[in-house]
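Readers should treat all values here as calculations from the given coordinates under stated rules, not as data from a laboratory. For clarity, every value in this text was computed on a predicted model and none was experimentally measured. All Cβ positions, even for glycine, are placed from backbone atoms using ideal geometry, and neighbour counts span all protein chains on display.
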Amino acid sequence: MDGSSKEALMEEAPPRYTASPRLPCIPHQLKCLLIVVVVVVILVVVIVAFLLLGLHITETHAETVLRMTIHGLDGEGTPQHLSMSRKERTGMFAVRDGLNASAMVVYDYSKLLVSYRSWRHHACYITRVDKDNIPGLDAITETFQRRQAEMKEAGDNAMPLADRSILGTTVNILCSTVPVYWA
């Protein structure tokens, strides 16, 4: 190398580098506190994620058990659909009522009433149940269908329920256009 190129480089001023902007001076105790807060937030997020995952798995398992209970242990039998309302504490089942008809059975746990509305017949039937001995869906359906047959044979001499205030919202809506009888 020749000396003239060195001199040319030396004459030029080197570029000025500026220091990167630094955070204001944070005391060591505050840094430790920030690290602890970040770690706690991350742990809380992870724990909440695992809890939500567990809740989802539990709900899926409960639905599977309910489906097995309704269909039977072997999965055979006629499928039945259940709708539940936690607010009103009711459970609604759609059941078969003869060959090509269906009916709704509503278990009202807050008022301890079970109601039955057949779409073939123009009436609703209700009955009180014992809190400790709530009958199964098959027994309730059979009881109401037997009562329907008795009413059909005897004629319309039974008096419908006059005071509908004892019925819950779900049953009032379901039976709003038909008379309600005690079964």
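Taking square-rooted eigenvalues a ≥ b ≥ c of the alpha carbon gyration tensor, is region 94-183 rounded, prolate or oblate, where a/c under 1.5 means rounded and, failing that, a/b exceeding b/c means prolate?
rounded
Could you grab the relative contact order for region 99-167? Cα pairs under 8 Å, six or more apart, rounded to a whole percent.
Relative contact order comes out at 23 percent.
Working out 0.36 nm times the residue gap between LEU137 and MET159, then minus their Cα-Cα distance, what length gain in nm do you get to one decimal?
5.3 nm
By per-residue mean of other Cβ atoms within 10 Å, what is the highest-first order of 138-149, 109-120?
109-120, 138-149
Taking square-rooted eigenvalues a ≥ b ≥ c of the alpha carbon gyration tensor, is region 82-135 rounded, prolate or oblate, where a/c under 1.5 means rounded and, failing that, a/b exceeding b/c means prolate?
Verdict is prolate for region 82-135.
Could you please state, rounded to a whole Å, how far the C-alpha centre of region 27-62 is from the C-alpha centre of region 161-181?
That distance is 49 Å.
What ³J(HN,Hα) values, in whole Hz, does the Karplus curve 6.51 cos²θ - 1.76 cosθ + 1.60 give for region 43-53 when θ = phi - 60°, with x put for Gly and Pro?
The phi angles translate into 4, 4, 4, 5, 5, 4, 4, 5, 5, 5, 5 Hz.
Take the alpha carbon gyration tensor of region 136-183, find the square roots of its eigenvalues, order them as a ≥ b ≥ c, and report rounded if a/c is under 1.5; if not, report prolate when a/b exceeds b/c, else oblate.
Oblate is the answer for region 136-183, as a/c is 1.5 or above yet b/c matches or exceeds a/b.
List every residue whose amide H lies under 5 Å from the amide H of SER102, counting only residues 5 or more places away in sequence or on a different chain, with H placed 1.01 Å from N in the peptide plane.
Those lying under 5 Å, H to H, from SER102 are ASP97, TRP119, ARG120.
Across region 133-138, in residue order, what do the Karplus-derived ³J(HN,Hα) couplings come to in whole Hz, using 6.51 cos²θ - 1.76 cosθ + 1.60 with θ = phi - 60° and x for Gly and Pro?
9, 8, x, x, 5, 5
What is the local net charge at GLU142, summed over the other residues whose Cβ is closer than 13 Å to its Cβ (Lys, Arg +1; Asp, Glu -1)?
Here the charged neighbours net out to 0.
Quote the FRET efficiency, to the nearest 0.05, computed for ARG86 versus LEU112 with a Förster distance R0 of 22 Å and r equal to the Cβ-Cβ distance.
0.85
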